[in-house]
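Undergrad: Sending over a structure as structure tokens; questions will come in a sec.
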Amino acid sequence: MLHKTYASERIKALPPYLFVEIDRIKKRLLKEGRDIIDLGIGDPDLATPDAVISELYSSARKPENHQYPLDLGLSVFRTRIAEWFKMRFNVELNSDTEIIPLLGSKEGIAHFPLAVIDPADLVLIPEPLYPPYRSGAIFSGAKIKYLPLNQENNFMPDLESLSRDVLKKTKLLYLNYPNNPTAQVADKQYLEKAVSMANEFGFIILYDAAYSELSYDGYVAPSILEIKGAREVAIEFHSFSKTFNMTGWRIGWACGNSDLIEYLRQVKSNIDSGVFNPIQYAAIKALDIYDKHIAEVKSIYRQRRDIFIGSLFRAGWNITPPKATFYIWAKIPSKLSSQEFCKLLLEKCFIIATPGLGFGPSGEGYVRFSLVKSIPRLEEAARRIAEVL
Ligand SMILES: *Cc1c(COP(=O)(O)O)cnc(C)c1O
């Protein structure tokens, strides 16, 4: 066994894992054969569209697709992304300089700080957070300032409350809307303010748009690249994972400022060797069937949301329906901490949910449910929760 102290300082700087006890209870309940409903992880239960799978089959049969991909990916893939982007956001991207495919957006998000951050550079990360923001920043040696997201600031970091001194020192700001875990959405006015401050103070915005396509009730999420001045300061991350139920396929892309894309390409070309070509062809197919596919998926999540929230409401737990994502970010209706509440849900209801604290200190007092189970299972989950409320 390796000696413990062989771990690098950057590994030691990672935050401790908080869910040891919950994992232990879960293992015991599984062993006991309990009927567990897992609403913990943000991983769609729905299948990847058939057309996408068929395209993978046929592309994988062609020997010319078996070799190393190019680091910038297939030109037809980047061109298709640019077309889709124009259709969806009315933003024109140069497919040779402003788009790069990723092995899932997590990879790109985690690697990006290596492309722009020197040790002790200041980065601003809102929390509760998607953990790769923090770990990618830690690996790059950045100094991190966390920006709390809470009810008072409507789950949008209050950038204007930051001192000029902090803003001048800032090199990178992370934003993620529609947001995981809070399910909050940002309007264009907020993004305009952020872009204008980035231009004024000279920092970069990493915009995570993983949930841009999963929105309801007429809400349509903008790209930050729709905002004037964003092309000078922003890099935006997109994913096929949630939009097309392709979490296991590992494909996404980054787009935006061409220098930032080039720096990220240099990091990646020294670490990975690109996305398997048949997966790129399959992703092209996904964009081809986007319209029909996304309407179906949105309708499924909207119904799940309404049924789950409706059942909890009748049980006395009033939660505002989110306009986007498949998450329910709910204030815990008791004095229990988020870890205690999730332990109760697990032991008494056999339901797995994520304690808000797991996403950062400002998540305390909240629990996140992922709507990644069928309507009958969500009804069953709400029925069990009603009994312990
Ligand atoms: C799921 C998710 C992603 C996308 O991850 P992939 O690596 O593309 O599967 C990115 N950001 C957030 C906030 C997510 O929840």
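Undergrad: Hey, can you grab everything whose amide H is under 5 Å from the amide H of Tyr146? Only 5+ residues off in sequence or another chain; H modelled, so Pro and N-termini drop out.
TA: For Tyr146, whose amide H was placed from the backbone, the distant partners under 5 Å are Ile125.
Undergrad: In whole angstrom, note down how far apart the Cα centers of segment 345-389 and segment 3-65 are.
TA: Cα centroid of segment 345-389 versus Cα centroid of segment 3-65: 18 Å apart.
Undergrad: While we're here: To the nearest 0.05, how large is the calculated FRET efficiency for Ile144 and Asn270 if R₀ is 25 Å and r is the Cβ-Cβ distance? The partial results should precede the final answer.
TA: Details: r = 24 Å, r/R0 = 0.98.
Computed FRET efficiency for Ile144 and Asn270 comes out at 0.55.
Undergrad: I would also like to ask the following. Between Asp158 and Tyr263, what length comes free when the chain is fully extended (0.36 nm per residue of separation minus the Cα-Cα distance, one decimal in nm)? Intermediate values should be presented prior to the final figure.
TA: On the way: separation 105, 0.36 × 105 = 37.80 nm, distance 2.90 nm.
Separation in residues times 0.36 nm, less the Cα-Cα distance, equals 34.9 nm.
Undergrad: Compute the separation of the alpha-carbon centres of segment 77-140 and segment 211-263 and state it in Å as a whole number.
TA: Segment 77-140 and segment 211-263 have Cα centres spaced 8 Å from each other.
Undergrad: Amide H to amide H under 5 Å from Ile205: which residues, 5+ apart in sequence or cross-chain, H placed 1.01 Å off N in plane?
TA: Leu173, Ala234, Ile235
Undergrad: Let me know the Kirkwood hydrodynamic radius for the chain, please, with Cα pairs as the basis and the value in Å to one decimal. Intermediate values should be presented prior to the final figure.
TA: Working: mean 1/r = 0.0455 Å⁻¹.
Result for the chain stands at 22.0 Å.
Undergrad: If R0 is 25 Å, what FRET efficiency do you get for Glu226 and Ile294 from their C-beta distance, rounded to 0.05? Could you put the intermediate results ahead of the total?
TA: Details: r = 19 Å, r/R0 = 0.74.
Calculated value: 0.85.
Undergrad: Roughly what % of DSSP beta bridges within the chain run antiparallel, to the nearest 5? Numbers along the way, then the final one.
TA: Numbers: 17 of 37 bridges.
Antiparallel bridges: around 45 percent, rounded to the nearest 5.
Undergrad: Continuing with the same structure: Please tell me the relative contact order of the chain in percent, rounded to the nearest whole number, where contacts are Cα pairs under 8 Å and at least six residues apart.
TA: Details: 712 pairs, mean separation 94.2, N = 389.
It comes to 24 percent, rounded to a whole number.
Undergrad: Work out the count of Lys pairs in segment 50-289 where the Cα-Cα distance is under 22 Å, with the pair 8 or more places apart or on different chains.
TA: Count of close lysine pairs: 27.
Undergrad: What does the C-alpha gyration tensor say about the overall shape of segment 152-311? Classify as rounded when a/c is under 1.5, otherwise prolate if a/b is larger than b/c, or oblate.
TA: Oblate.
Undergrad: What order do you get for Ile328, Ile307 when you list them from fewest to most C-beta neighbours inside 10 Å?
TA: Working: Ile328 24, Ile307 16.
Arranged by neighbour count, lowest to highest, Ile328, Ile307 become Ile307, Ile328.
Undergrad: Hey, what do the phi angles of segment 224-232 turn into as Karplus ³J(HN,Hα) couplings, whole Hz, using 6.51/-1.76/1.60 and θ = phi - 60°, x for Gly and Pro?
TA: With coefficients 6.51, -1.76 and 1.60, one gets 5, 6, 6, 7, 4, x, 6, 4, 7 Hz.
Undergrad: Here is a follow-up. Quick one: grab the alpha carbon gyration tensor of segment 2-134, order the square roots of its eigenvalues as a ≥ b ≥ c, and give me rounded if a/c is under 1.5, else prolate or oblate depending on whether a/b is larger than b/c.
TA: Details: a/c = 1.94, a/b = 1.31, b/c = 1.48.
In terms of gyration-tensor shape, oblate.
Undergrad: When the Karplus curve 6.51 cos²θ - 1.76 cosθ + 1.60 is applied with θ = phi - 60°, which whole-Hz ³J(HN,Hα) does each residue of segment 347-355 get, with x for Gly and Pro?
TA: Whole-Hz 3J(HN,Hα) from phi for segment 347-355: 6, 9, 10, 6, 10, 9, 9, 9, x.
Undergrad: Once you place label points 7 Å from the Cα toward the Cβ at Asn90 and Leu30, how far apart are they in nm?
TA: Placing both labels 7 Å beyond Cα along the Cβ direction yields 4.9 nm.
Undergrad: As a footprinting exposure proxy, order Thr170, Thr320, Thr325 by other Cβ within 10 Å, with the fewest listed first. Walk me through the numbers on the way to the answer.
TA: On the way: Thr170 21, Thr320 11, Thr325 30.
Going from least to most buried by this count: Thr320, Thr170, Thr325.
Undergrad: What dipole magnitude, in Debye to the nearest 20, does segment 50-289 give about its Cα centre under +1 on Lys/Arg Cβ and -1 on Asp/Glu Cβ?
TA: Working: 23 positive and 29 negative charges, 73 e Å.
Computed about the Cα centre, the dipole is about 340 debye.
Undergrad: Can you give me the long-range amide H partners of Asp121? Hydrogens built in the peptide plane at 1.01 Å from N, cutoff under 5 Å, separation of 5 or more residues or another chain.
TA: Those qualifying (amide H under 5 Å, at least 5 residues apart or on another chain) are Lys143.
Undergrad: Using θ = phi - 60° and the Karplus relation 6.51 cos²θ - 1.76 cosθ + 1.60, list the HN-Hα couplings for segment 188-195 in order, rounded to whole Hz, with x at every Gly or Pro.
TA: With coefficients 6.51, -1.76 and 1.60, one gets 5, 4, 5, 5, 4, 4, 5, 5 Hz.
Undergrad: Take the alpha carbon gyration tensor of segment 188-278, find the square roots of its eigenvalues, order them as a ≥ b ≥ c, and report rounded if a/c is under 1.5; if not, report prolate when a/b exceeds b/c, else oblate. Write out the running numbers ahead of the final one.
TA: Numbers: a/c = 3.28, a/b = 1.16, b/c = 2.81.
Note, shape of segment 188-278 comes out oblate.
Undergrad: Please identify the longest segment of the chain free of exposed GluC sites (Glu not before Pro), where exposed means a DSSP state other than H, G, I, E or B and no more than 10 other Cβ atoms within 10 Å.
TA: On the way: sites that count: Glu32, Glu152.
Looking at the chain, 153-389 is the longest stretch - no exposed GluC sites (Glu not before Pro) with at most 10 other Cβ atoms within 10 Å.
Here, each number is a calculation from the coordinates, and none is a lab measurement. What you are looking at is a predicted structure, and each value in this text was computed from that prediction instead of being measured. With ideal geometry, Cβ positions are generated from the backbone for all residues, glycine too; neighbour counts draw on all protein chains shown.
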